[in-house]
Amino acid sequence: MMTNLSSILGSLLYDPKNPLLFNSSFFLFFFIALLLLYPFLVKQVKIRTWYLLLASLYFYYKTSGSFVILLILTAYLNYRLGALIHRSPGRGRRRLLLFFSLLWNLGTLGYYKYTNFAIDTINQLSGSSIGNLDIFLPVGISFFTFQTWSYTLDIFYRRLEPIHSFKDFAFFVSFFPQLVAGPIVRASYFIPQINKKLELDQETIAKALVLIFAGLLKKGVIADYLSINFVDRVFESPALFSGLENLLGVYAYALQIYCDFSGYSDIAIGIAALLGFQLPINFNSPYKAHNITDFWRRWHISLSTWLRDYLYIPLGGNRKGKLRQHLNLMLTMLLGGLWH
């Protein structure tokens, strides 16, 4: 009896060898347990928000352990900086505060994601042998740093009024369906939904369930099957396969990454819909695109529009001649590549 109780309690704690995933059995248990109480709380806005906030923080704890503190700290710093930027009368002071937001968001992202990459690059270029640091990459850091940074940018550009409740802001940042794999949701899109009356009809529930099952099929069946049984084998030892098999491996990889990314997005959008919240579409049949420009309008839409609105357009977009436009495009695609 005590052994079974210890096993159950142990499963509730973070296990670095088995982080929480959408297609895991523990997530099914977590989500069903969440839904059991949700109908009784859905009309009580403050209690509902606290309930989903605590559930979301627990979800992130199960995916990344103590890095949940980093998530809360990132949310709090951007929340405070947003309020200070809004109150500051001088543009110079507002720019300085925005710089602090940029320094924290890109600094934490750069440290966890690119420190060892930079060390490896230095070693290869200089022939040195600097050892890599023992750095664990927090799950979803690329998403929640861009999400919180867009909040301070919108306040800086006077597109958004600061939110007055840190509880609501933390909920916006940590909302578990889209926390670890997107889509990147902007404050102006999500925050107005927090305090509204939520209602679910049969059509919404049906669409949500279709999205969830379609996402599970894409991610758990198509993407994982192609990866394990074909793509990984071809890419690891291409010389062992014929030219046709290598070509098919390339096409299979294109299908794999689409099903992987869009599958997660479909699951996130469907789960959020079951809770009464809307998330933006993230993939719109990208392989039906007519050209490369159309492709980027359809692929990872929340990221491509983020890069467009917060980097490409502020850099000048296509308003300052062809040379400057090409430079702006290169910088935008470079940041997009580094983000990935």
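The values are calculated or read from the model by the stated rules, or taken from the named source; none is laboratory data. Predicted model only: the values in this text are computed from it and were never measured. In this analysis, Cβ positions are derived from the backbone assuming ideal geometry, glycine residues included, and neighbour counts consider all displayed protein chains. Just so you know, the surface numbers come from the protein's heavy atoms only, side chains and all, with ligands and any DNA or RNA stripped out. Shrake-Rupley method; radii C 1.70, N 1.55, O 1.52, S 1.80 Å.
Annotation for segment 32-52 versus segment 59-106: alpha-carbon center distance of 28 Å.
Full extension of the chain between residue 255 and residue 36 yields a length gain of 75.2 nm, computed as 0.36 nm times the residue separation minus the alpha carbon distance. Multiplying the residue separation of residue 193 and residue 330 by 0.36 nm and removing their Cα-Cα distance gives an extension gain of 45.8 nm.
Could you please tell me the mean projected area of the C-alpha convex hull for segment 94-202, averaged over all directions and given in square nanometres to one decimal? Mean orientational projected area (segment 94-202, Cα hull): 10.1 nm². A Stokes-Einstein calculation at 25 °C with viscosity 0.890 mPa s, built on the Kirkwood radius of the chain over Cα pairs, returns a diffusion coefficient of 111 µm²/s. FRET efficiency for the pair residue 167 and residue 241, taken as 1/(1 + (r/R0)^6) with r the Cβ-Cβ distance and R0 = 51 Å, rounds to 0.40.
Estimated at the nearest 10 Å², the accessible area of residue 47 is 80 Å² with a 1.4 Å probe.
Taking every Cα-Cα distance in segment 10-169 and sorting them into 5 Å bins starting at zero, the pair-distance distribution P(r) comes out as 2, 8, 14, 14, 15, 15, 12, 10, 6, 3, 1, 1, 0 percent. Counting protein heavy atoms only, the chain has 67 percent of its accessible area on carbon and sulfur, 1.4 angstrom probe. The candidates 148, 115, arranged from most to least accessible area with a 1.4 Å probe in the full protein assembly, appear as 115, 148. Here the Karplus curve 6.51 cos²θ - 1.76 cosθ + 1.60, taken at θ = phi - 60°, turns the phi angles of segment 84-101 into couplings of 5, 4, 5, 7, 6, x, x, 5, x, 5, 5, 5, 5, 5, 5, 4, 4, 5 Hz, with x standing for Gly and Pro. All C-alpha to C-alpha distances of segment 273-340, sorted into 10 Å bins beginning at zero, yield P(r) values of 20, 42, 28, 8, 2 percent in whole numbers. For the chain, the solvent-accessible area works out to 55 Å² per residue, with a probe of 1.4 Å and every protein chain left in place.
As a length-normalised measure over Cα pairs under 8 Å and 6 or more apart, the relative contact order of the chain settles at 15 percent.
Volume of the convex hull of segment 135-250 (Cα atoms only), normalised per residue: 183 Å³.
Here segment 164-182 is scanned for amide nitrogen atoms under 14 Å from the site 7 Å beyond the Cα of residue 86 along Cα-to-Cβ, giving 164-170. Annotation: segment 223-329 has a Kirkwood hydrodynamic radius of 16.5 angstrom, from the mean reciprocal C-alpha pair distance.
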